[in-house]
1. For every other residue with a beta carbon closer than 13 angstrom to the beta carbon of Ser72, add +1 if it is Lys or Arg and -1 if Asp or Glu, then tell me the sum.
2. Mind listing which GluC sites (Glu not before Pro) in region 214-261 are in a DSSP loop and have 12 or fewer other Cβ atoms within 10 Å?
3. Can you compute the helix-only [θ] at 222 nm over the chain? Use -39500 (n - 2.57) per DSSP H run of at least 4 residues, normalise by all residues, nearest 500 deg cm²/dmol.
4. Working from the alpha-carbon coordinates of the chain, get Rg over Rh, Rh being the Kirkwood radius.
5. Quick check for you: with a 1.4 Å probe and neighbouring chains kept, what is the accessible area per residue of region 71-321, in Å²?
6. Given a Förster radius of 60 Å and the C-beta distance between Asp172 and Glu84 as r, what FRET efficiency does 1/(1 + (r/R0)^6) yield to the nearest 0.05?
7. Once amide H atoms are placed 1.01 Å from N in the peptide plane, what residues at a sequence separation of 5 or more from Asp321, or on another chain, have their amide H within under 5 Å of its amide H?
8. FRET efficiency for Asp139 and Asn433, Cβ-Cβ distance as r, R0 = 45 Å, nearest 0.05?
Amino acid sequence: MVFKLNSQLLSRIASGNGHGEESPYFDGWKAYETDPHHPTENPNGVIQMGLAENQLCFDLIQDWLKKNPKASICTPEGLNEFREIAIFQDYHGLPEFRNAVANFMGKVRGNRVTYDPDRIVMSGGATGAHETIAFCLADPGEAFLVPTPYYPGFDRDLRWRTGVKLIPVDSDSSNNFKVTIEALENAYEMAQLDNIKVKGLLITNPSNPLGTILDRETLRSIVRFINEKNIHLVCDEIYAATVFSQPDFISVAEILQEDIECNLDLVHVVYSLSKDMGFPGLRVGIIYSYNDAVVSCARKMSSFGLVSTQTQYLVASMLSDDEFVEKFITESKRRLAARYRVFTHGLDQAGIKCLKTSNAGLFLWMDLSGLLKEQTVEAEMELWRVIIHEVKLNVSPGCSFHCLKPGWFRVCFANMDDQTMHVALSRIKTFVNKEADTKKKPKKSLRWQGSLKLLNPPRIYDDFINSPHSPIPHSPLVRARN
């Protein structure tokens, strides 16, 4: 006998869809997983361009591992340390791990700032770090301001289990999506009108999906804003070492060293090794807070998502090798810059433009608005389905990043080899040329009636988006993930 599970027996988290897995962002991943491209076994499969991974420097990592077998407790050379590392379970983490991470964070930021190892709190990737910060700073129903477009995973990371709200801070393509104080003030005032308590502002610097960095004056204005409002500032800096051309990356830590009035208890940094080192599977996330109470609470909460001591031991050894670290940071930037040049040149040949102010990240913010039948989110989703089903590229639509202007797509370029990149560019050029020819003929619909569906728009901004005070009360935007 088969019994049907009654959803009332489960919690709202278990029976709900707070994770956002039914979003276009995840649908693209599913399309890739069911038909993955392979150069020989499946050359016509879907190419994964929706995953922000840094795979350009694995040869440097592998060479280091070969030369340093003692760094792993699972090799004959490192076996003598196995017992001590295997039984270590202090949630403070290995001292050498915290020291190495603090030193690495300083090197990535040009040694212009230093970090206190005692303020390093580890977590299971940036995902766990963001959720922990949300738990520490806000209660259910309270909110964080987040400039758009922003990483879709924030809807899961900060909201799903915490009950915290995210309030969008609108930006516009006319000024290259720059964060402005006017937009911050407007979003803050709208929240107050809706009786929502704003507890903080979350910024991503460098930006995902824009690939841009915040300039010094913008950072200073943000610090002044949060200090004036007495709200927290959470700075996601997980792409700090991916800045491959001028201007240089500026961390919020540099701003705090300047002559600026700020309550340091309000400032917190999220970091990880997933992007800068290309280690997403190692799940090394970091919280660095200037607030003693947050450090203490986050460290206790880290028991739910510790980095394994085996990983801590390996990472500590690698990041303590100053010569290797300097070489890796320099070479990674060089390779990212080279890949960026080749990829943008290929897109330019196809007549596709990207956000020109990008100089960081593992992706491009690509403007396909000229290919839309009309300037709507629905038309963007229709084009996205065609790109996945016919062009066989998994790119991420702008609406999944809460971008208000239709036609923008994030395309990742560092998670593939050169051959796959050229195949992807060839497919893009062929598609654009085909569309150009089609426009010269009687119009035909791009609509594809496949399994990928446009979702009924869930209430991603909770009650805020449906409020009469909301600047976008009928937004059709959808929820998402990285």
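1. Overall, the nearby charge balance is +1.
2. The qualifying sites are Glu258, Glu261.
3. It lands at -11000 deg cm²/dmol.
4. Values: Rg = 22.7 Å, Rh = 23.5 Å.
Ratio value, two decimals: 0.96.
5. 37 Å²
6. Calculated transfer efficiency: 0.60.
7. Those qualifying (amide H under 5 Å, at least 5 residues apart or on another chain) number zero.
8. That pair, Asp139 with Asn433, gives E of 0.25.
The values are calculated or read from the model by the stated rules, or taken from the named source; none is laboratory data. Note that the structure is predicted; figures quoted are calculated from it, not measured. Reconstructed Cβ throughout: ideal geometry from the backbone, glycine too, with neighbour counts over all protein chains shown. The area values use the complete protein model at the heavy-atom level, side chains included, leaving out ligands, DNA and RNA. Shrake-Rupley method; radii C 1.70, N 1.55, O 1.52, S 1.80 Å.
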